[in-house]
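Worksheet: the structure to be examined is printed underneath.
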Amino acid sequence: MKKITGFFLMILFAYQEASAQSWAYSLASIPEAIKNKASVIMHLKNINLEVEDLDKVTLSVHKIFTVMNEDGKESLLFNEYNSKYYSLDDAEIKVYDVNGKQVGKYKKKDMRTVAIGEGLIEDGYMTYYNITTASYPVTVEIKYDIKIKGTLNIPDYDFMGLKEGVVESSYTAKVPANMPIRYKPQHTSLQPEVSQFGNYKIYKWTVKNQPPLENEEGSSSGSDKYPHIKIVSDRFSHYGLPGDFSSWKSFGVWLKNLYEGLDVLSPDRQQFFKSLVENAGSDTEKIRRIYTYLQQNFRYVSIQLGIGGWKPFPAEFTDKKKYGDCKGLSMFMKAALKAVGIKSYVAIINAKYDQEPVDPGFPANDFNHVILCVPGKKDSIWLECTSSTTAFGELGSFTENRNALLITEDGGALVATPRSQSSANIFSTVTTVAIDEDQSALTETVFRVTGQYKEIMEDLLKEKRDEQKETIVSYFGYKQPDDFVLSKDEQPGGSTIKLKMAIAKLPEFNAGTKLFISPRINKTWSKTLPKAENRKLDFYFHNPFEKTDTTIYKVSTTIKPDVLPAEKELKCNYASYKSKCWYNEKENSIYSVTSLILKTHKIPAADYAQVKTFFDNVMQDDAQKIVIVKKETEKKAF
């Protein structure tokens, strides 16, 4: 019997080997709809997930794919994260040329494993191998096994990537019958076949003949925009700590127990904070003082330790070290507020400007960040504890417009964070331009910035001159200066940021005595938005904003205006624009005033075309020119 079995396995392995080679030169049989515009063809992708119990999971992956061209070269990098919780058990890579000949074979021992982290501590390891090729197409077969000591993060079924045509793909999940899983199709209607095998339940999803997805610039940077299946186990264990994910409240209970006793400071430090807020007129002022102290005395570092990145270091540890990650700094802030009698809640959230809120109806671990919430009778105060520049009580589009899970005494409570407002991100400039008769100019710009622009300017002031110049010209759209000084003047009533520039030749061009200059020395808007045809995904700006500019051209008596741009007003459902230009004869000055307001940073795909047209028209108006004339010098009669 053993001989027969061994012979059968030899035949099976030989068949698999021949089958793998055949994929390398079978591109001609693949439907054109799958190959068209594809950078990668996924011939076969089989994912098998086996859950033995809450702390023992095996993930086996076998895939064969052809990289068609240079655009698909990212698929030639194999890399897997390793930690105490998640580890690469075994891996094998085979590479075939265009004729199906095997030209490479690599095992786990041939791969590199490096530590990853911030340098203060080790966060884990990455095992990787970069497959090299001299030509395309090239076919790769990869087999690997992952051991997972827990069930908090059941891998989703991601069956499509960017510009990837899929011939055949499947995901099979084998789980104990008394440990049901929940699943939710995202951007697909795909449903599993469900069967019973002894004490196990089997879920199997199968996909065939899927044409590639095109990249839509400006859409979400997350993989959630692609068709996939979200998978969650209601009962889970993480680092040996069992929990319940059947509701937001129950998951919050698990986190509450994890956070227990961490929000305590030593008696002398408690007294310090009581003294810090002494004579504060309100709780809001107390919170502001402590938040300011945090920003001025602590720094952010990424630390992914503490029950797999979930458990913060105690507040006392963070207080002594004067650094921490998002959860550590938020826990410290919570402890400092607690010392002065103010209740607050740590809140977990998914962060980044182009992310969607977590689904209230489908509890799942979609979080990657921690902030702090101080509840109020009317409005709550939200605090981003990792930033040294974010204004008090503001979050910015990094975490606004989301659902945050507050960790309360009763467990988790899902609440909405504030919505982004254009008035929170102001970029206002007033520029005076003194034009000399030789067409050179000296300029001075005074900035008023808030929100996102304040953070950018604060960071810019710390940069070297070359980086400052690059940002001034490329990001803010200023005319290339021959020399410049960017400075910040601290005054009792606040600070003023100024930019002084020397420009050797101000006019864009000239025709005889006529000189053509831009209405502003910085562009109101300089980025051409992506095409609107067949848009399927929502478009994201980094944040809503209000941009205003007043440019004053001080001209000499030998120069007079000849043509000024006509007044312009543009509107769409999401933005507005105004520009006006006039000559003040008494001051011998030309005034150019512009206003651009974007009300919201997320544009639904169905409305994107009107926004694209709007910003194209703004750029067109921005390209108008002021025409000034140099007066002819009168000739004296003899």
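Give the residues of the stretch 453-473 that are closer than 28 Å to L395 by Cβ, over 21 Å from the mean Cα position of the chain (by Cα) and surrounded by fewer than 18 Cβ atoms within 10 Å (Cβ to Cβ), sorted by residue number.
Restricting attention to the stretch 453-473, the residues satisfying the condition of being closer than 28 Å to L395 by Cβ are 453-463, 467-468, 471-472.
Pick out the ones that are also over 21 Å from the mean Cα position of the chain (by Cα) and you get 461-463, 467-468, 472.
Within the stretch 453-473, L461, K462, E463, E467, Q468 qualify.
Quick check on this structure: which one of D268, D354, D359 is within 30 Å of Y125 (Cβ to Cβ), in the same structural domain as I381 (by TED's automatic domain parsing) and out of contact with any Gly (no Cβ under 6 Å at 6 or more places or on another chain)? Don't jump to the end; show me each part of the working.
Values: D268 fails: within 30 Å of Y125 (Cβ to Cβ); D359 fails: within 30 Å of Y125 (Cβ to Cβ).
Being within 30 Å of Y125 (Cβ to Cβ), in the same structural domain as I381 (by TED's automatic domain parsing) and out of contact with any Gly (no Cβ under 6 Å at 6 or more places or on another chain) holds for just one of D268, D354, D359, which is D354.
One line per residue, one yes/no per condition, for (1) without any contact (Cβ under 8 Å) to a residue 24 or more places away in the chain; (2) in contact with a strand residue (DSSP E or B) (Cβ under 9 Å, 6 or more places away or on another chain):
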{"site": "I229", "(1), (2)": "no, yes"}
{"site": "S233", "(1), (2)": "no, yes"}
{"site": "H238", "(1), (2)": "no, yes"}
{"site": "L255", "(1), (2)": "no, yes"}
{"site": "P267", "(1), (2)": "yes, no"}
{"site": "Q270", "(1), (2)": "no, no"}
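Which ones in the stretch 522-541 are in contact with a Leu (Cβ under 8 Å, 6 or more places away or on another chain) and either closer than 19 Å to S397 by Cβ or in the same structural domain as E400 (by TED's automatic domain parsing) (or both)?
Listed by number, the residues that qualify are W525, F539, F541.
Do you know which of the residues in the stretch 80-104 that are under 11 Å from Y144 (Cα atoms) and without any contact (Cβ under 8 Å) to a residue 60 or more places away in the chain is nearest to the chain's Cα centre (by Cα)?
Here the residue is L88.
So in the stretch 393-410, with the set limited to residues that are in a strand (DSSP E or B) and among the β-branched types (V, I, T), which one is nearest to the chain's Cα centre (by Cα)?
So the first thing to find is which residues in the stretch 393-410 are in a strand (DSSP E or B), and the list is 403-408.
Then keep just the ones that are among the β-branched types (V, I, T); that gives 407-408.
On the way: I407: 24, T408: 28 Å.
Looking at residues that are in a strand (DSSP E or B) and among the β-branched types (V, I, T), I get I407.
Filter the stretch 374-392 down to residues that are outside any loop (DSSP other than H, G, I, E, B) and either in contact (Cβ under 8 Å) with a residue 40 or more places away in the chain or among the basic types (K, R) (or both), then give me how many there are. So that I can check it myself, show each step before the final result.
The initial filter retains those residues of the stretch 374-392 that are outside any loop (DSSP other than H, G, I, E, B), namely 374, 381-383.
From what's left, either in contact (Cβ under 8 Å) with a residue 40 or more places away in the chain or among the basic types (K, R) (or both): 374, 381, 383.
Count: 3.
Can you pull out every residue in the stretch 581-605 that is more than 20 Å from P565 (Cα to Cα) and either touching a Lys or Arg at 6+ places or on another chain (Cβ under 6 Å) or in a strand (DSSP E or B) (or both)?
Result: I597, L598, K602, I603, A605.
Check off (1) surrounded by fewer than 18 Cβ atoms within 10 Å (Cβ to Cβ); (2) closer than 30 Å to P31 by Cα for V264 and give me the number that stays unchecked.
Among (1) surrounded by fewer than 18 Cβ atoms within 10 Å (Cβ to Cβ); (2) closer than 30 Å to P31 by Cα, the lone unmet condition for V264 is (2).
Among the candidates L414, L515, L506, L442, which residue alone is touching a helix residue (DSSP H, G or I) at 6+ places or on another chain (Cβ under 9 Å) and among the hydrophobic types (A, V, I, L, M, F, W, C)? Show your work before the answer.
Values: L515 fails: touching a helix residue (DSSP H, G or I) at 6+ places or on another chain (Cβ under 9 Å); L506 fails: touching a helix residue (DSSP H, G or I) at 6+ places or on another chain (Cβ under 9 Å); L442 fails: touching a helix residue (DSSP H, G or I) at 6+ places or on another chain (Cβ under 9 Å).
Unique residue meeting the criteria: L414.
From the list L265, L294, pick out the single residue that is modelled with pLDDT of 95 or more and more than 33 Å from the chain's Cα centre (by Cα). Outline the logic, then answer.
Details: L294 fails: more than 33 Å from the chain's Cα centre (by Cα).
From the options L265, L294, the qualifying one is L265.
Scan T431, T417, T450 and give me the residue that is buried (at least 17 other Cβ atoms within 10 Å of the Cβ), over 19 Å from the mean Cα position of the chain (by Cα) and modelled with pLDDT of 95 or more. Even if it seems obvious, please write down each step before you answer.
On the way: T417 fails: over 19 Å from the mean Cα position of the chain (by Cα); T450 fails: modelled with pLDDT of 95 or more.
So the residue among T431, T417, T450 that is buried (at least 17 other Cβ atoms within 10 Å of the Cβ), over 19 Å from the mean Cα position of the chain (by Cα) and modelled with pLDDT of 95 or more is T431.
Return the residues of the stretch 180-211 that are over 9 Å from I229 (Cβ atoms), of a type in the set (F, W, Y) and out of contact with any Lys or Arg (no Cβ under 6 Å at 6 or more places or on another chain); say none if nothing qualifies.
F197, Y203
For S576, are the conditions met, namely being of a type in the set (S, T, N, Q) and more than 30 Å from K527 (Cβ to Cβ)? I'd like the intermediate steps shown before the answer.
Details: of a type in the set (S, T, N, Q): yes; more than 30 Å from K527 (Cβ to Cβ): no.
Spelling it out, it is not the case that S576 is of a type in the set (S, T, N, Q) and more than 30 Å from K527 (Cβ to Cβ).
Would you confirm whether or not the stretch 55-73 contains a residue that is under 26 Å from N209 (Cα atoms), under 28 Å from the mean Cα position of the chain (by Cα), acidic (D, E) and in the same structural domain as K163 (by TED's automatic domain parsing)?
yes
I342 fails exactly one of the following numbered conditions: (1) crowded, with 20+ Cβ neighbours inside 10 Å; (2) among the β-branched types (V, I, T); (3) more than 18 Å from the chain's Cα centre (by Cα). What is the number of that condition?
(1)
What number of residues within the stretch 340-367 satisfy the criterion of being aliphatic (A, V, I, L, M), out of contact with any Ser or Thr (no Cβ under 8 Å at 6 or more places or on another chain) and part of a loop (DSSP other than H, G, I, E, B)?
4
For the stretch 253-272, state whether one or more residues are part of a loop (DSSP other than H, G, I, E, B), touching a helix residue (DSSP H, G or I) at 6+ places or on another chain (Cβ under 7 Å) and small (G, A, S). Working first, answer last.
Filtering the stretch 253-272 down to residues part of a loop (DSSP other than H, G, I, E, B) leaves 260-266.
Cutting the leftovers down to touching a helix residue (DSSP H, G or I) at 6+ places or on another chain (Cβ under 7 Å) gives us 262-266.
Narrowing the set further to residues that are small (G, A, S) leaves 266.
Yes: the stretch 253-272 contains one or more residues that are part of a loop (DSSP other than H, G, I, E, B), touching a helix residue (DSSP H, G or I) at 6+ places or on another chain (Cβ under 7 Å) and small (G, A, S).
Please identify the pairs in which a residue from the stretch 428-441 that is farther than 17 Å from T548 by Cα and assigned by TED's automatic domain parsing to the domain that holds N588 has its Cβ atom under 6 Å from the Cβ atom of a residue that is of a type in the set (G, A, S) and part of a loop (DSSP other than H, G, I, E, B), counting only partners at least 6 apart or on another chain.
Close Cβ pairs (under 6 Å, with a partner that is of a type in the set (G, A, S) and part of a loop (DSSP other than H, G, I, E, B)) amount to E437/S556; S440/A504.
Please work out if E164 is in contact with a His (Cβ under 9 Å, 6 or more places away or on another chain) and modelled with pLDDT of 90 or more. Can you show your working first?
Details: in contact with a His (Cβ under 9 Å, 6 or more places away or on another chain): no; modelled with pLDDT of 90 or more: yes.
Judged against the criteria, E164 is not a match.
Can you find, within the stretch 506-539, the residue that is surrounded by the fewest Cβ atoms within 10 Å (Cβ to Cβ) among those that are in contact with a Gly (Cβ under 6 Å, 6 or more places away or on another chain) and not charged (D, E, K, R)?
Initially, the stretch 506-539 is screened for residues in contact with a Gly (Cβ under 6 Å, 6 or more places away or on another chain), giving 522-523, 526, 530, 539.
Filter once more, keeping what is not charged (D, E, K, R): 522, 526, 530, 539.
Numbers: N522: 23, S526: 13, P530: 15, F539: 23.
Of everything passing the filter in the stretch 506-539, S526 is surrounded by the fewest Cβ atoms within 10 Å (Cβ to Cβ).
Please enumerate the residues belonging to the stretch 149-175 that are crowded, with 21+ Cβ neighbours inside 10 Å and in a strand (DSSP E or B). Write out each step before concluding.
Our first condition is that a residue be crowded, with 21+ Cβ neighbours inside 10 Å; within the stretch 149-175, this holds for 150-152, 154, 157, 159-160, 164-167, 169, 171, 173, 175.
Once the filter is applied, which keeps residues that are crowded, with 21+ Cβ neighbours inside 10 Å and in a strand (DSSP E or B), the stretch 149-175 yields G150, Y157, E164, G165, V166, V167, S169, Y171, A173, V175.
Would you pick out the residues in the stretch 309-326 that are touching a strand residue (DSSP E or B) at 6+ places or on another chain (Cβ under 6 Å) and either at positive phi or at pLDDT 95 or above (or both)? Can you show your working first?
Of the stretch 309-326, the ones touching a strand residue (DSSP E or B) at 6+ places or on another chain (Cβ under 6 Å) are 318, 323, 326.
Selection gives T318 alone.
Quick check: anything in the stretch 481-490 at pLDDT below 95 and either under 29 Å from K334 (Cβ atoms) or of a type in the set (V, I, T) (or both)?
No, that holds for no residue.
Name the pairs whose Cβ atoms lie under 6 Å apart, with the first residue in the stretch 527-543 and over 24 Å from I456 (Cα atoms), the second of a type in the set (S, T, N, Q) and assigned to a loop (DSSP other than H, G, I, E, B), and 6 or more positions between them or separate chains?
Hits for this filter: L537/S219.
Please name all residue pairs, on different chains or six or more residues apart, with Cβ atoms under 9 Å, provided the first residue is in the stretch 282-296 and is closer than 14 Å to G341 by Cβ and the second residue is of a type in the set (S, T, N, Q) and surrounded by fewer than 16 Cβ atoms within 10 Å (Cβ to Cβ).
none
Name the residues in the stretch 348-363 that are closer than 30 Å to I181 by Cβ and surrounded by 18 or more Cβ atoms within 10 Å (Cβ to Cβ), would you?
First, pick out the residues of the stretch 348-363 that are closer than 30 Å to I181 by Cβ: 348-352, 354-363.
If the condition is that a residue be closer than 30 Å to I181 by Cβ and surrounded by 18 or more Cβ atoms within 10 Å (Cβ to Cβ), then I348, I349, N350, A351, D354, Q355, V358, P363 are the ones that fit.
I'd like the full set of residues that are in contact with an Asp or Glu (Cβ under 6 Å, 6 or more places away or on another chain) and either among the charged types (D, E, K, R) or surrounded by fewer than 17 Cβ atoms within 10 Å (Cβ to Cβ) (or both), limited to the stretch 568-594.
Residues satisfying the conditions are K568, K578, K580.
The values are calculated or read from the model by the stated rules, or taken from the named source; none is laboratory data. What you see is a predicted model, and the numbers here were worked out from it, not measured in a lab. For neighbour counting, all protein chains shown are included, and Cβ atoms are generated from backbone atoms with ideal geometry for every residue, glycine included.
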